[in-house]
Amino acid sequence: MLVDGQGVSLVRDGMRLKGDLERMARRIRPDALGRELLVRAARIKGGSESLTAVDATAGLGEDALLLAAAGFSVTLCERDPVIAALLRDSLDRAAASAVLARAVERMRLVEGDSVDVLHRLDASPDVVLLDPMFPGGKRAAAKKKLQLIQTLEAPCDDEGKLVAAAMAAGPRKVVIKRPAKGPWLAGIEPDYSLCGKAVRYDCLVAPCYGRHRGAC
Ligand SMILES: C[S@@+](CC[C@H](N)C(=O)[O-])C[C@H]1O[C@@H](n2cnc3c(N)ncnc32)[C@H](O)[C@@H]1O
């Protein structure tokens, strides 16, 4: 880890990784946000003003920022201490940005394993987002940032536990980010999916909120 005037970075194998939520500024503009596949996947019909989400695999917080900009109060869970330190530094810097500050105010980082955190929540969130690392493929090769994160974290080996904890937290919807052609997380068939070129969002809807089957 390197701490300098520009914040906290991870430096390894000639690569340098620093959280940079500022580069998301264009994507959270009101005219762009509604086109984000994640925002569409997390949308709650008839949702109230005070929707809540848990990003159970926060990483560098980019997906959580999209949800916060869309109006969710987001609890970000990150279990890797190095990634959590990068994320905290990035959130601190983003809080000082005129463009990001309002969304960042709705983001709260909890360091720890989300399987435990989800069990200890005081109230059920509206949405739980899961984006665990998937085994290396085209996407991983394309993104240096992901390669560096992968040196810290092995692909997810507790898929079943993660989905079970997300469902047990009682959300209206669990949204799971996957590679466009990747397998379902823990082999669980979603109620419906939203597909983009590179990623797919599989949605599991709580029965009382009306499950329906649908595919890309
Ligand atoms: C692919 S990255 C997520 C990227 C994130 N969606 C973003 O927008 O930056 C997966 C992250 O989830 C974290 N993670 C995986 N399993 C976790 C768990 N059970 N609890 C907390 N964090 C977890 C990993 O440490 C890693 O930082």
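Please build a GNM for the chain, connecting alpha carbons under 10 Å apart, and tell me which residue among PRO171, PRO125, PRO30 fluctuates the most.
The residue that fluctuates most here is PRO30.
Gain in length, ARG23 to ILE44, computed as 0.36 nm per residue apart minus the alpha-carbon separation, to one decimal in nm?
Roughly 4.9 nm would be gained on extension.
Mind giving me the nanometre distance, one decimal, between the label points for MET1 and ASP116, set 7 Å out from Cα along Cα→Cβ?
1.8
Name the most mobile residue of ALA64, ALA101, ALA53, meaning the one with the largest mean-square fluctuation, in a Gaussian network model of the chain with Cα contacts below 10 Å.
Result for the chain, Cα springs under 10 Å: ALA101 fluctuates most.
Rank these for me by crowding, GLU62, GLU189, GLU111, GLU49, going from fewest to most other beta carbons within 10 Å.
Starting with the residue having the fewest Cβ neighbours, the order is GLU49, GLU189, GLU111, GLU62.
Expected output is a single nm value to one decimal: the length gained when fully extending between ALA186 and LEU152, i.e. 0.36 nm times separation in residues minus the C-alpha distance. What is it?
So the extension gain works out to 10.0 nm.
Rank these for me by crowding, LEU86, LEU2, going from fewest to most other beta carbons within 10 Å.
Fewest-to-most Cβ neighbours within 10 Å comes out as LEU2, LEU86.
Rounded to whole Å, give me the distance from the Cα center of segment 23-48 to that of segment 88-103.
18
Take every DSSP beta bridge with both residues inside the chain and express the antiparallel ones as a percent of the total, to the nearest 5.
In the chain, DSSP labels about 50 percent of beta bridges as antiparallel.
About its Cα centre, what dipole magnitude does the chain give when the only charges are +1 on Lys and Arg Cβ and -1 on Asp and Glu Cβ, stated in debye to the nearest 20?
Details: 33 positive and 28 negative charges, 203 e Å.
I would put it at about 980 debye.
What ranking of MET1, MET24 emerges when the number of other C-beta atoms within 10 Å of each C-beta is taken as an exposure proxy, fewest first?
Working: MET1 12, MET24 19.
Going from least to most buried by this count: MET1, MET24.
Net charge near ALA166, counting Lys/Arg +1 and Asp/Glu -1 over other residues with Cβ under 13 Å of its Cβ?
Neighbourhood net charge equals -4.
Through the Karplus equation 6.51 cos²θ - 1.76 cosθ + 1.60, θ set to phi - 60°, convert the phi angles of segment 50-61 into ³J(HN,Hα) values in whole Hz; use x for Gly and Pro.
10, 6, 10, 9, 10, 8, 7, 9, 5, x, 9, x
Beyond 25 Å, what share of the Cα-Cα pairs of segment 1-120 remains, rounded to the nearest whole percent?
Everything past 25 Å amounts to 24 percent.
In segment 81-105, which residues have a backbone nitrogen under 19 Å from the label point lying 7 Å from ARG12's Cα in the Cα-to-Cβ direction?
Label zone hits: 81-90.
Using a Gaussian network model of the chain with C-alpha springs under 10 Å, which one of ALA69, ALA169, ALA98 is most mobile by mean-square fluctuation?
ALA98
When the C-alpha atoms of the chain are aligned to their principal axes, what extent does each axis show, in angstrom, from largest down?
Rounded to whole Å, the extents work out to 50, 35, 35 Å.
Read-outs throughout are calculated quantities, based only on the coordinates presented, and are distinct from any laboratory measurement. The shown structure was predicted, so the numbers you read here are calculated from the model rather than taken from an experiment. Because the Cβ atoms are built from the backbone with ideal geometry, glycine has one as well, and the counts that use them run over all protein chains shown.
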